[in-house]
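Heads up, the thing below is written out as structure tokens.
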Ligand code: CTP
């Protein structure tokens, strides 16, 4: 089946031994119906001849920035505009460092800087180079900018050692590309409200009660939903994260304020993903002045906050409602109870005491529990990968 018909894919090949495998990637993409163009760095041409890619893709292969005076300064823009998707394979440590820092010193890096199309990078290098903090930092920066980074495979490396750093097999890379086009913009026309972070409940003008939620999970969900074409409203509590681009971002403090902003949007949205850690209680009498130190003991009286998600559940019309359950014990039992009580479509449950699943980290270990009782357990994964799993569950419900 040709499922990449009409898609323009730009492959950037950098100078790693795995460059030879990319010939097969280009060939497979071509067979799937894509129009493929290749840009190579000069180092890449030491491993594979441009002529090979030219024969496979039936397109000219680009290497030099200043090769042809007549086309000077034009190639990188036209190549950038050509691409529906950019694949960099293999992506060397040097290339990743340049891309993370916006360096444009050859045709490929200049093209990447000019290309607005979605990008997939497939790093491949020696294990130590991959694990070097500089490379890890660069990968993190690129990922945060929305670039999909394919996990390097483990195995025997060209340098003789065995470890992580191999380019994924061509078949796997092509599967990712097919998946990308299948899911691309699948949420267009949908409006999704995401809440993130902990609420902040004032005690007096300088103090508050808060919690350890960083907001990372909700931000990843908002970004992924946006990438899939949804119109996204992100309502965030006490977070230290930069607002993602191209979505409506609303900053709130208390649970009551979050409730107000959520309810104001509720009627117009197709789904709500409530990942915020809403405080269950607030201070009854907020002191208008800074509380002075006096007695040995200070008692604060707390009153219950509204349960926003429960209220959404009771007002629900056609909206899909997704909740989170952060537990320290009896995970599935408590999560199921919340699913029922809050009238949710599914709930994402995580035991915050498990390593890698707590607050503030970039990973999570979670289970999705559906209304029909089905449970999906996920292993330790990045919050951005978990965001994709949550959204693919939501997409399924939209499709039903
Ligand atoms: N939630 C909410 N409003 C609240 C408390 C929680 O909307 N006042 C939402 C959370 O955003 C989450 C879900 O309800 O999606 C479950 O939150 P959680 O804190 O795990 O559970 P609670 O209902 O607060 O119950 P408990 O604290 O007793 O576990």
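Per-residue Cβ neighbour counts within 10 Å put 367, 384, 392 in the sequence 392, 367, 384, beginning with the fewest. The distance between label points at residue 354 and residue 378 comes to 1.1 nm (points 7 Å beyond Cα on the Cα→Cβ vector). For the stretch 236-304, the Cα gyration tensor yields ellipsoid semi-axes of 32, 15, 10 Å (square root of five times each eigenvalue, largest first, whole Å).
Computed from the Cβ-Cβ distance with R0 of 51 Å, the FRET efficiency linking residue 361 to residue 64 stands at 0.70.
Pairing the Cα long axis of helix 170-183 with the longest principal axis of the chain, what angle in degrees results, from 0 to 90 and rounded to the nearest 10? Helix 170-183 sits at roughly 50 degrees to that axis. Full extension of the chain segment joining residue 265 with residue 164 gains 31.8 nm, where the gain is 0.36 nm per residue of separation less the Cα-Cα distance. Can you figure out the FRET efficiency of residue 5 with residue 185, using R₀ = 22 Å and their beta-carbon distance, to the nearest 0.05? The formula returns an efficiency of 0.85 here. Each of 172, 292 was scored by other Cβ atoms within 10 Å of its Cβ. Listed from fewest to most, they are 292, 172. Evaluated at q = 0.07, 0.12, 0.14 Å⁻¹, a Debye calculation over the C-alpha positions of the chain (equal weights, vacuum) places log10 I(q)/I(0) at -0.41, -0.98, -1.19.
Could you tell me which of rounded, prolate or oblate describes the stretch 1-156, using a ≥ b ≥ c as the square roots of the eigenvalues of the alpha-carbon gyration tensor, with rounded for a/c under 1.5 and, failing that, prolate when a/b is larger than b/c and oblate otherwise? Verdict is rounded for the stretch 1-156. Against the main long axis of the alpha-carbon atoms of the chain, helix 255-266 sits at an angle near 60°. Here's the picture: a label point sits 7 Å out from the Cα of residue 131 along the beta-carbon direction, and within the stretch 162-185 the residues with their amide nitrogen under 18 Å of it are 162-167. In plain terms, the chain from residue 294 to residue 257 could stretch by 10.2 nm, reckoned as 0.36 nm per residue minus the Cα-Cα distance. Sorted fewest first by neighbouring Cβ atoms within 10 angstrom, 124, 382, 162 come out as 162, 382, 124. Between helix 133-144 and the chain there is an angle of about 70 degrees, using the helix long axis and the longest principal axis of the Cα atoms. Computed from the Cβ-Cβ distance with R0 of 35 Å, the FRET efficiency linking residue 114 to residue 400 stands at 0.30. Counted residue by residue at 0.36 nm each, then reduced by the alpha carbon distance between them, the extension gain from residue 246 to residue 389 reaches 49.3 nm.
Calculated mean residue ellipticity at 222 nm for the chain: -10000 deg cm²/dmol, from DSSP H runs with n ≥ 4 weighted as -39500 (n - 2.57), summed, divided by the residue count and rounded to 500.
Read the figures in this text as sums done on the coordinates, not as results from a lab. The structure displayed is predicted, hence computed values, not measured ones. Here Cβ is always computed from backbone atoms with ideal geometry, including for glycine, and neighbour counts include all displayed protein chains.
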